[in-house]
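S.K.: Before I ask anything, here is the structure I am working with.
The values are calculated or read from the model by the stated rules, or taken from the named source; none is laboratory data. Because the structure is a prediction, the values reported are computed rather than measured. Virtual Cβ from ideal backbone geometry, glycine too; neighbours counted across all protein chains shown. SASA here: full protein model, heavy atoms, side chains in, ligands and nucleic acids out. Shrake-Rupley method; radii C 1.70, N 1.55, O 1.52, S 1.80 Å.
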Amino acid sequence: MAVRASSRSRCHHLTLDPLETRTVPAAGIATVREIASASVSDVATVRDQFRTDLGDTRREITWDGVATNQADPNTLPGNAFAGQGLRLTTTGTGFKVSGDPAVVGNAASQFGSINTTYRTAFQQSFTTPRLFTPIGSNITTINFVVPGSDTPATVRGFGAVFSDVDTAAGAKIEFFDVDGNLIFSRAVPHLSGNGNLSFLGASFDTASIATVRITSGEAAIAASVDDITQGGKADLVVMDDFVYGEPGSITPPPTPIPGVFLAGVGAGSSPLATAYQGTGQAIGNFTAFTPAFTGGVRVAAADMNNDGVTDYVFGSGPGMSSQVRVIDGKTGAQLANIAPFESTFTGGVYVAAGDLNGDGIGELVITPDEGGGPRVQIYNGFTFTKIADFFGIDDAAFRGGVRPALGNINSDKTADLVVAAGYGGGPRVAIYDGTTLFAGRQPLKLVSDFFVFEPTLRDGVYVAVGDINSDGYGDLIFGGGPQGGPRVLILSGDVVLQQGGYSPVSSASSNAVLANFFSGNPDTRGGIRVAAHDINGDNIADVLTGDGAGVGTTVRGYLGQTIAPGITPPLAMEFAAFPGLATGVYVG
């Protein structure tokens, strides 16, 4: 007998915990129950533990109550259990429930009517007298609905009993969320021998499962296909009890807590970072990397796990092999620790985060700083696997790095990518349609590349995206690069799309300008870092700026509703993130 129960608990402190391997969102799997055994009572014990995990609000299908006219030799309609909150589909020809021996005779029971060897292969059923299988396929898909309706629903957990899983590839259960994202996948425990039983069930902290896909066996049962224990070439598997949480109507994803942003220290200090509420009140302090590192911390903030809480992204500045860490804003647990580029590259990175596919989970963008090419890497925010790697600026020989930003520029409900040249390059900008930034696709630009400041400048440009004028289109927020003044230029995303770009010397582009001002002393020459967050919760993006190197660590905030052409908007906040330091400060 093999039995395992595993659980994962949450921590509630803002420390940097060791990297955990995530196969699900942070809401996560609360418990996995699994067993393979020849003992019905042992399997029942684990099944009952799973029942307890789900609590009193659960449902079960044992198949034994299926009417005779819907059992073998007849087929079971896929909507037979819609009243119980699930609908069945398959890539095959339908479903079959084994016949009651009292009705079809012992020889035809347990799918003996399909193939006589199955009567021996599946000889031990969990409950009697019926078993369940798809026909013409080994795939069963379950979509949950509000019981007795067609309204899509989600459940907190699902588990099933299997008969005769002989091999590691014999059966598998997969869970998908409402957006079709794979959130759980696990092979069903196996035990070689005729008619042994297996159970696999997993429960979540919240109702996250919209669809379950079950792979039962290495092939579909059929008259000409024998199980490997009967001399055949494939592991054939059928099913018994289904146990699942009460289906409930799908609720919208939680609204992210407004206003949370980050400040990261510039080069020359220990790698400090602070999380703030929109009021400017600190809510968490971090040493983002080893304390001896003094290359600075580049920052981004987004909900990376769809739990309604902003999470924190820290990217290393120059002086160490590039490193990016993602921290859960709710628990302080480390969600990812990524080394994006070659270990020999020590020029630092820039980071951005935002939802590129509309699933509520932020994707992560990492680009190199000075000394690196114009390379863009994109990581899935769910698994943190790399999904794209390309040159964001059409000059592979350029070695000033690039700076990224994410935001919904074309009003299609998903983020788009803006890439701006780093130091040593002109203030060149490229804008990519976010829906094309996935593996196997060719990244497509929304407009032709353009220079946002005078083309003769060689300071590069800092960039952010946010809907400043509340027209549904993300606006482009630019800050002067190092060695430049603290100039902030904001362009209407809608107008830039309509015009196909922007030219700082073209009168035709003047109507694109939403604001053009200096943040802080215009005589300083450290440039200005920029970010966009809704700091006051009015659903309008606001602008944050951070001092450049050698200037200070002042963070300033400007409300979007006060930003207008021809003026310096009034300050909504102004404070020193790291008092006494002149390292500059990154905002995100």
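S.K.: Counting alpha carbon pairs within less than 8 Å and at least 6 residues apart, what relative contact order, in whole percent, applies to the chain?
M.R.: Worked out over the chain, it gives 10 percent.
S.K.: A further question on this structure: By per-residue mean of other Cβ atoms within 10 Å, what is the highest-first order of 402-408, 51-57, 109-115, 192-198?
M.R.: In decreasing order of mean packing, 402-408, 51-57, 109-115, 192-198 become 402-408, 109-115, 192-198, 51-57.
S.K.: Further question: Want the number for Thr290 to Thr116: 0.36 nm per residue separation, take away the alpha-carbon distance, what's left? Before the final figure, lay out the partial values.
M.R.: Details: separation 174, 0.36 × 174 = 62.64 nm, distance 6.64 nm.
This chain segment gains 56.0 nm when fully extended.
S.K.: Of the accessible area of the chain, with the probe set at 1.4 angstrom, what percent is carbon plus sulfur?
M.R.: Reported share for carbon and sulfur atoms: 51 percent.
S.K.: Quick check: from the Cα gyration tensor, does segment 252-333 come out rounded (a/c under 1.5), prolate or oblate?
M.R.: prolate
S.K.: Something else about it: For segment 80-87, take each phi angle, set θ = phi - 60°, evaluate the Karplus expression 6.51 cos²θ - 1.76 cosθ + 1.60, and give the result in whole Hz per residue in order, putting x for glycine and proline.
M.R.: Karplus-based 3J(HN,Hα) across segment 80-87 equals 4, 10, 4, x, 9, x, 9, 10 Hz.
S.K.: Can I ask one more? For helix 40-54, report the angle its Cα long axis makes with the longest principal axis of the Cα atoms of the chain; keep it between 0 and 90° and round to the nearest 10°.
M.R.: The angle comes out near 40 degrees.
S.K.: If you stretched the chain out fully between Asn337 and Gln277, how much longer would it get, using 0.36 nm times the residue separation minus the C-alpha to C-alpha distance?
M.R.: Going from the current span to full extension adds 19.1 nm.
S.K.: Round to the nearest 0.05 the FRET efficiency obtained for Val513 and Thr75 when R0 = 51 Å and r is the Cβ-Cβ distance. Don't skip to the end; give the middle numbers.
M.R.: Details: r = 66 Å, r/R0 = 1.30.
The value I calculate is 0.15.
S.K.: Explain nothing, just the number: relative contact order of segment 160-260, from Cα pairs under 8 Å at least 6 residues apart, as a whole percent.
M.R.: 32
S.K.: Below 14 angstrom from the Cβ of Ala223, what's the summed charge of the other residues (Lys, Arg +1; Asp, Glu -1)?
M.R.: Overall, the nearby charge balance is -1.
S.K.: What full-extension length gain, to one decimal in nm, is calculated for Ala168 and Thr93 as 0.36 nm per residue of separation minus the Cα-Cα distance?
M.R.: 24.4 nm
S.K.: Straight-line reach only, C-alpha to C-alpha below 30 angstrom: list the lysines that Lys386 could link to, leaving out same-chain residues fewer than 8 apart.
M.R.: Lys172, Lys330, Lys413, Lys445
S.K.: Just one of [x] 28.7, 94; [y] 24.0, 73; [z] 28.2, 88 is Rg and Dmax of the Cα atoms in Å as worked out from the coordinates here. Which one is it?
M.R.: Working out Rg and Dmax of the Cα atoms in Å from the coordinates points to [x].
S.K.: Can you list residues whose amide H is under 5 Å from Val238's amide H, if they're 5+ apart or on another chain and H is modeled 1.01 Å from N?
M.R.: Ser163
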